[in-house]
Amino acid sequence: MAGASLFALLDDIATLLDDVSILTKVAAKKTAGVLGDDLALNAQQVTGVSANRELPVVWAVAKGSLVNKAILVPAALAISAWLPWAITPLMMLGGAFLCYEGVEKLAHKFLHSKDEDGAHKAELNRALADDKTDVVAWEKRKIKGAVRTDFILSAEIIVLSLGVVSTAPFMQQVATLIAVALGMTVFVYGLVAGIVKLDDMGIWLLEKGRAMAALGRGILYATPWLMRGLSIAGTAAMFLVGGGILVHAIPALHHFVVGMAPSPSLEWLANGIGSVVVGLVIGAVVLAGVTLFQRLRGGGKPAH
């Protein structure tokens, strides 16, 4: 009897882990838009940090990210247990925020000149070169800013994941959200650490012979393009994921988008294009509302 109970327990655990694995994969796909932006944004957060401080800064932000998720996961589970009706509205808010972030990035790109960005970087470099600048305090401010940004992105990830597991048993919800929180943190900040040290790797390879030097030059040449590609992919995924959430949350809109497909086999394409268009429109509307609100409050120009 004890042996049968043990095997039954092992079977339940195996089934739970299998279900959690499937739910985690689905949740990971849902949060792809946030991750793309998360990677690019966090890699940019350590720009300006001295080479020997890059990894400690990334580690400090990663620890802050774990604290964020330690707050967000219980909060999400509490919402699932006591306010399940709030999951869909929260997902829609998360989707709208993703679209807003995407349009804000596009607005920054097209409304800010290269001269303005160059002046900002020059000012930052001058501050770092000044002996009077408190580098420790500057680094702490940079870490706090990155952790605040991570809190918003982590909230989006947890809310989107919660939408995936909302109908699952409670223990599966717990296991899946924990797996997503830990997995995403390790993946994002491990990759960010690798990205910020690519230039150092390229320089190191330059001293290791002709063949390795060619590889090092290739890495140094490709790193800026990698960062740019991550940023572009992250922005596109914001509209695809954020717009997709809104499309699927509004049945009439979903039927309209799917109905635009010339044939059933192309419904996926119509859904993707429709999600991006909806994401652009909703993001533009939210950005216009935020800009108007800031101006009415006398806050000046919105920060992009």
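The table below gives the values:
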read-out: Principal axis box of the range 249-291, alpha-carbon based, largest edge first, Å; value: 41, 17, 12
read-out: Spatial extent of the range 202-275: Rg and Dmax, with the Cα atoms as the point set, Å; value: 21.3, 63
read-out: Mean shadow area of the range 151-197 over all directions, Cα convex hull, nm²; value: 3.3 nm²
read-out: ³J(HN,Hα), Karplus 6.51/-1.76/1.60, whole Hz, each residue of the range 55-67, x for Gly, Pro; value: 5, x, 5, 4, 5, 5, 5, 4, 5, x, 5, 5, 4
read-out: Sequence ranges 268-278, 159-169, 250-260, ranked by mean other-Cβ count within 10 angstrom, highest first; value: 159-169, 268-278, 250-260
read-out: Square roots of 5 times each gyration tensor eigenvalue, C-alpha, the range 153-304, largest first, Å; value: 37, 23, 21
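Values in this text are rule-based calculations from the coordinates and carry no lab data. Note that the coordinates shown come from a computational prediction; the quantities given were computed from them, not determined experimentally. Positions of Cβ are backbone-derived with ideal geometry, glycine not excepted, and every protein chain shown enters the neighbour counts.
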